[in-house]
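Data block below; observations after.
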Amino acid sequence: MKSGLVMYDLAARLFPICRSITGDGIRESLNILREIIPEIQVYEVPSGTPVFDWTIPNEWNCRGGGIYRLNGDKVIDFNDSNLHIMGYSTPVDMVISLQELLEHIYTQPEQPDWIPYVTSYYKERWGFCMSDNQKKTLTDEKYRVVIKSTLAPGSLTYGDLLIPGESEDEILFSTYLCHPSMANNELSGPVVQLELIKYVKQLKHRRYSYRFVFCPETIGSITYISRNFESLKKNVKAGFVLSCVGDNRTYSYISTMYGNTLADRVIKNVLKFHCPNYKEYSFLTRGSDERQYGSVGVELPVCGFCRSKYHEYPEYHTSADDMNLISPEGLQGALDVMVKVIGTLENNYHYKMMCKCEPQLGKRGLYPTISQKGTYDEVVALCDFIAYADGKNDLIQISDIINQPIQILIPIAHKLIDNGLIIKD
Amino acid sequence: MKSGLVMYDLAARLFPICRSITGDGIRESLNILREIIPEIQVYEVPSGTPVFDWTIPNEWNCRGGGIYRLNGDKVIDFNDSNLHIMGYSTPVDMVISLQELLEHIYTQPEQPDWIPYVTSYYKERWGFCMSDNQKKTLTDEKYRVVIKSTLAPGSLTYGDLLIPGESEDEILFSTYLCHPSMANNELSGPVVQLELIKYVKQLKHRRYSYRFVFCPETIGSITYISRNFESLKKNVKAGFVLSCVGDNRTYSYISTMYGNTLADRVIKNVLKFHCPNYKEYSFLTRGSDERQYGSVGVELPVCGFCRSKYHEYPEYHTSADDMNLISPEGLQGALDVMVKVIGTLENNYHYKMMCKCEPQLGKRGLYPTISQKGTYDEVVALCDFIAYADGKNDLIQISDIINQPIQILIPIAHKLIDNGLIIKD
Amino acid sequence: MKSGLVMYDLAARLFPICRSITGDGIRESLNILREIIPEIQVYEVPSGTPVFDWTIPNEWNCRGGGIYRLNGDKVIDFNDSNLHIMGYSTPVDMVISLQELLEHIYTQPEQPDWIPYVTSYYKERWGFCMSDNQKKTLTDEKYRVVIKSTLAPGSLTYGDLLIPGESEDEILFSTYLCHPSMANNELSGPVVQLELIKYVKQLKHRRYSYRFVFCPETIGSITYISRNFESLKKNVKAGFVLSCVGDNRTYSYISTMYGNTLADRVIKNVLKFHCPNYKEYSFLTRGSDERQYGSVGVELPVCGFCRSKYHEYPEYHTSADDMNLISPEGLQGALDVMVKVIGTLENNYHYKMMCKCEPQLGKRGLYPTISQKGTYDEVVALCDFIAYADGKNDLIQISDIINQPIQILIPIAHKLIDNGLIIKD
């Protein structure tokens, strides 16, 4: 749980920053991550740059704003919650009628106490978000509206880190940094991913290289893919988009297009034993950057991974997605799953028995020397591993067939290799 | 529903004719169909002609007959119901004892009010059919029996029509004309098929050629296949036997031998959305001409299609299968399904996205410019179509995977082609 | 049931003999079998011979022994039950304290009235087995313990028989002889296998050759495989390990590694019709010699077959597995299944219809000449056989698809061959 607390504290530090898909918020957030892992590389891509079918938009920054009564009293203010200003709002400063104002106010009527999170990235607009209950208290004839924003050519910012392993084959982890003050659907991903970087760095031996991407959602991953397409296609053998990995309710997995990649196989195997009631979602429910990594023509083996899945939990995209929603335990659970995923991938070889018939385990101290019913249980996993180590099954398949978690099988595999009874590949 | 009434009225006109697998009844019926679609070709195949393992039988015609008391009173008479004379009865005119008569009377004891439909095509016999209740009233010592039939060399009659399309690849529709006065299990098929011919004729563009066959069941389809084997094998890509398509209770589909042809795929897809509770029957329940089209050595991709399936509804093969059993709505529903089948086949290409990552739909007016939860639903079908348009899936597969009916997907496909985002094949 | 009684009586004759994995007990048992089938070959493999990863152990024989009070009164004695002496016990004759004695006593506390069956083949020990209730009556300070055994270089004994057929392709049956007085988990297999030999010998025509193996479990089958590896790999097309085939409670089948061999297919087909509630066990529950035949590198298509499966019935490996547990009916049922398995394999060809469309069965007397609903049932199996005799399905597949037992289909196949309508292969 030490890692859980470290992750939670880092999320708390990042929480107040007003991030968007471009601008100083993501830069400041990346700099905080780089205080811990300085090797993260940061890139800037100028507004107007074409990325596949898209174009990098103008950069947006917001310093303040709100709705005020004509006597100066505050109705809502950016400083109270940066969700109050609609993302990518153009600047405004004027007095307007209540009727006009209402056309610029967004609420979530079925969740009347919460401020919704709303953006208009690709059409110039301005707007405010507030709770539906507060909206009902607006009765003045006129109000002053202020948005101190800039929307102008600048750049889109992202970061990545490649930790080399024995092979150029890569495992990809990707998460996003582009939402203002939200905890589960913004900060849980980066803080878990940062802790995962620490874990990968300290591994004494790495079969795979590991790539970690921090980028704004959608336009950021499209940009990242467009600039790294050849190497991603060549090297990535499995990948995971970390999103909403901080609460403590369940575990969720979003499959690839056909659900049959190494990434699907490993995460389904790990979750089946880690949390048998985990939720499996089809690619039809995709919503984060697995959309882009798995899109036609890109088709990388990248799954989505969440605790409670985005769109599915009530606080999603509202002011209720705050630091109370996530917990050290929630973050730790997500980290544990990803650590098991890495352990599985690192050991996922095809194992093959070297002798015909069952080996005599007794003479090697691997089998009880007395035979009476009820004495076999402890060696069942060992014998079943041997039974399916025919060189056709990789470790994940053996685990799935014999219904034993990989963590039980890894030491068995090592013991059998040490005894000269099996070989890898 | 206009078509439904037209079809119903035509069935009513055809109903009184005494048809069999040969004879003037089928000729007269085909002539009535040709009043509407004169392009239907009619063929005569002489008795004695070998067709695969079979031989065209003698031609049978019946002008009247019945059972009479010796005082001349009618017990049953052909003019009251042509079901009273067993199909292919040899001529007879004599007085016989009740005991002898009973050996020539067929009833359906478990449906005691209805006259059963019975035939003896391939062994010379004579017989009468009547309700079991009426049979119990026979108490005279002797009766006069009369059958004014002829059974002699003649020919077997069938009709077909080929409407050419852009390709020689064909879609086949086949139905039968060989039962006396029955409505669902005789006339529903020909009247729906005739309306389908009108529909196909008026299509501005036809990717496929369309073949329509009207023939007596079993011996007729065997004859048809034997005389058109090479072209059927070369051209038919999917086909449907229309049988019992006039009632209003359910929809049924009889699969091909292995259930995996284009015909199976398209009709299952259409019915899944048209009537989710439709009934799927295996090839083991085959009973109409899908038996021959799908037989070993022929193996054409031809499914059976019914509303209530033959053998399964109580009125089947009895006098209760009359004009009250079918309805304009029932016929219209069957026509609608076949029209959807044609629309699906005409548009069933492999579609492939031309850009990597998701396209920017917003700039093309295909995506909402504001992002708030709950605003995505209308574009889900569009985005999911794009996600699976990888060139490996045809339209039916995309529909099955993303669970959207083809009618929703066809305009989406056209819109994306117009925008240059996807290509066909 | 005549065979059932013969088998039961033979088991009763073999029951008292003290068998182990080596020694005179198995020799004496094989000699009794050879009185009936003298063609069974017997082999001796010297102690110390390497067999794959194993070594033939020293030979063990036991002439008597027991636990006695110091006044000479018997507590337990080998002559009352040979289960009282732990298998492969080293010789002993001394007076020891109760405390020391208890370390050498094995009981099955959850089945307190029964003597458990315990062995220590590969580590030198001595011990006694008794009921847990009797153990509780031991209260003397000291007891005399005697085991009159020898454990010394000798040999391992097994037998086999190959009955040649038209082809060198073989069907294998294997059972074990290595337990002392137990009925279901020892003698049921050999007596059913012996009766099966009689059945195979009297077959007028044999498509396959048949191999029958009688060997001690595990070390015996490993020895057998190591000495016959090339010919087994080349010839065996399907095989069955007969174990616990004498009780009357259910039927059980233990699948091969992937459950997809000819052996799996045939036994599942036969059992599905013979006893629809039979139990199917995965290879993960393997426990008899299917473990060795199906081990990595050997990978022969050999399933396990039981009535109540070893490990699963309460009397397993105790003194309650006696002649009351098995019955003539139980043995007969197992024999019947294996006879059906042989019948299926002998007739399991790919059948192919020679005419296009359905044949005219009526002219061959194979179809009713009158058509009325309800008259088809008797010819359904015939028509469905024809429908799937496309040369792609073997008889087992046809049976599985059309859901008719092979015994119904074999005469149909012969009738259609006689009529020239189908060919084999």
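The values are calculated or read from the model by the stated rules, or taken from the named source; none is laboratory data. Note that this is a predicted model, so its numbers are computed, not measured. FYI the Cβ positions are ideal-geometry reconstructions off the backbone, even for glycines, and counts take in every protein chain you see. When the accessible area is computed, the model is the full protein with side chains, heavy atoms only, and any ligands, DNA or RNA have been set aside. Shrake-Rupley method; radii C 1.70, N 1.55, O 1.52, S 1.80 Å.
When all alpha-carbon pairs of segment B:169-223 are counted, what percent fall beyond 19 Å? Counting pairs separated by more than 19 Å, the tail of P(r) holds 35 percent. Under 5 Å from the amide H of residue A:128 lie the amide H atoms of A:86, A:105, A:106, each residue being 5 or more positions distant or on a separate chain, with H modelled from the backbone and absent for Pro and chain starts.
Projecting the Cα atoms of B:348, B:271, B:304 onto the dipole axis of segment B:230-374, where Lys and Arg carry +1 and Asp and Glu carry -1 at the beta carbon, places B:348 farthest toward the positive end.
If you place +1 on the Cβ of every Lys and Arg, -1 on the Cβ of every Asp and Glu, and leave all else neutral, what size is the dipole of chain A about its Cα centre, to the nearest 20 Debye? Could you put the intermediate results ahead of the total?
Values: 43 positive and 51 negative charges, 223 e Å.
Approximately 1060 debye in magnitude.
Each other copy holds its own label point for residue A:397; taking that point as 7 Å from Cα along Cα to Cβ, the gaps run 2.3, 2.3 nm, nearest first. Inter-copy label distances at residue C:207, shortest first and taken from points set 7 Å along Cα to Cβ: 4.5, 4.5 nm.
Counting alpha carbon pairs within less than 8 Å and at least 6 residues apart, what relative contact order, in whole percent, applies to chain A?
Working: 874 pairs, mean separation 70.2, N = 425.
Over chain A, the number comes to 17 percent.
Once you wrap a convex hull around the alpha carbon atoms of the protein assembly as shown, what is its projected area averaged over all directions, in nm²?
Numbers: hull surface 259.7 nm².
Taking a quarter of the hull surface, the average projection is 64.9 nm².
Axis-proximal residue of chain B for the rotation onto chain C, reported as residue and distance in whole Å: B:260, 12, based on Cβ position.
In this Cβ point-charge picture (+1 for Lys and Arg, -1 for Asp and Glu), the protein assembly as shown has a dipole of about 1380 debye about its Cα centre. A Gaussian network model of chain C, with springs between Cα atoms under 10 Å, assigns the largest mean-square fluctuation among C:385, C:212, C:52 to C:52. Compared with the dominant principal axis of the Cα atoms in chain B, helix B:262-274 is inclined by about 80°. Taking a point 7 Å from the Cα of residue B:403 along the Cα-to-Cβ direction, the residues of segment A:282-315 with backbone N closer than 17 Å to it are A:282-287, A:311-312. The C-alpha atoms of segment A:5-48 occupy a region whose extents along the principal axes are 41, 24, 10 Å, arranged from largest to smallest.
Roughly what angle does helix B:219-235 make with the longest principal axis of chain B, taking Cα atoms, 0 to 90 degrees, to the nearest 10? The two axes meet at around 20 degrees. For segment C:191-303, the Cβ-based charge dipole about the Cα centre amounts to some 520 debye (Lys, Arg positive; Asp, Glu negative; other atoms uncharged).
Each chain gives up part of its surface: C and A jointly bury about 2700 Å² of accessible area, both sides summed, for a 1.4 Å probe. DSSP finds beta bridges in the protein assembly as shown, and of those with both partners inside it, around 65 percent are antiparallel. The fraction of accessible area contributed by carbon and sulfur in segment A:356-418 is 52 percent, rounded to a whole number (1.4 Å probe; ligands and nucleic acids excluded).
For segment A:270-425, with every protein chain kept in place, what is the accessible area per residue (1.4 Å probe, Å²)?
Numbers: 5510 Å² over 156 residues.
Spelled out: the 1.4 Å probe surface of segment A:270-425, per residue, equals 35 Å².
As a calculated quantity, the FRET efficiency between residue A:249 and residue A:350 at R0 = 51 Å, using C-beta atoms, amounts to about 0.90.
Is the C-alpha gyration tensor of segment B:111-163 telling us rounded, prolate or oblate? Criteria: a/c under 1.5 is rounded; beyond that, a/b larger than b/c is prolate, otherwise oblate. Spell out each step's value before the answer.
On the way: a/c = 3.83, a/b = 1.84, b/c = 2.07.
Oblate, because a/c is 1.5 or more while a/b does not exceed b/c.
Residues considered: B:358, B:230, B:329. Largest GNM mean-square fluctuation over chain B, using C-alpha springs under 10 Å, is found at B:358. Considering only C:414, C:179, C:84, the Gaussian network model of chain C with Cα springs below 10 Å gives its largest mean-square fluctuation to C:414.
For residue A:363 and residue C:61, FRET efficiency with R0 = 22 Å and r from the beta-carbon atoms, rounded to 0.05? My answer for the efficiency is 0.40.
Within chain A, A:18, A:62, A:129, A:178, A:215, A:275, A:303, A:355, A:357, A:383 have no other Cys Cβ under 4.7 Å of their Cβ and so lack a disulfide-compatible partner by this rule. Relative to the first principal axis of the alpha-carbon coordinates of chain C, what is the inclination of helix C:188-202, with its axis defined by its Cα atoms, in degrees from 0 to 90 and to the nearest 10? Its long axis makes an angle of about 40 degrees. Normalised per residue, the accessible area of segment A:3-153 is 46 Å², obtained with a 1.4 Å probe and no contribution from ligands, DNA or RNA.
The convex hull built on the alpha-carbon positions of segment C:39-142 has an orientation-averaged projected area of 9.3 nm². Taking the protein heavy atoms of segment C:180-228 in the context of the full set of protein chains, the accessible area attributed to carbon and sulfur is 44 percent at 1.4 Å.
Over 36 Å apart: what share of the alpha carbon pairs of chain C falls there, rounded to a whole percent?
Values: 31154 of 90100 pairs.
Cα-Cα pairs in chain C separated by more than 36 Å: 35 percent.
Gyration tensor analysis over the Cα atoms of segment B:82-143 returns equivalent ellipsoid semi-axes of 18, 17, 8 Å (largest first, whole Å). Put +1 on the Cβ of each Lys and Arg and -1 on the Cβ of each Asp and Glu in the protein assembly as shown; which of A:293, A:102, C:114 then has its Cα farthest toward the positive end of the dipole? Among A:293, A:102, C:114, the one farthest towards the positive end of the dipole of the protein assembly as shown is A:293.
Using a ≥ b ≥ c from the Cα gyration tensor of segment B:233-289 (square roots of the eigenvalues), is it rounded, prolate or oblate, where a/c under 1.5 gives rounded and otherwise the larger of a/b and b/c decides, a/b for prolate? Write out the running numbers ahead of the final one.
Values: a/c = 1.68, a/b = 1.41, b/c = 1.20.
Verdict is prolate for segment B:233-289.
Distances between equivalent label points of residue B:123 across the copies, with each point positioned 7 Å along Cα→Cβ, amount to 7.8, 7.8 nm, shortest listed first.
Compute the separation of the alpha-carbon centres of segment A:385-425 and segment C:110-138 and state it in Å as a whole number. Centre-to-centre (Cα) distance: 35 Å.
Which of rounded, prolate or oblate describes segment B:227-355 when judged by the alpha-carbon gyration tensor and an a/c cut-off of 1.5? Please list the in-between numbers first.
Details: a/c = 2.12, a/b = 1.33, b/c = 1.59.
Taking the square roots of the gyration eigenvalues as a ≥ b ≥ c, segment B:227-355 is oblate.
One Cα centroid belongs to segment B:39-62, the other to segment C:258-305; the line between them spans 54 Å.
If you roll a 1.4 Å probe over the heavy atoms of the protein chains, what accessible area per residue do you get for segment C:178-229, in Å²?
On the way: 1190 Å² over 52 residues.
Accessible surface, normalised per residue, equals 23 Å².
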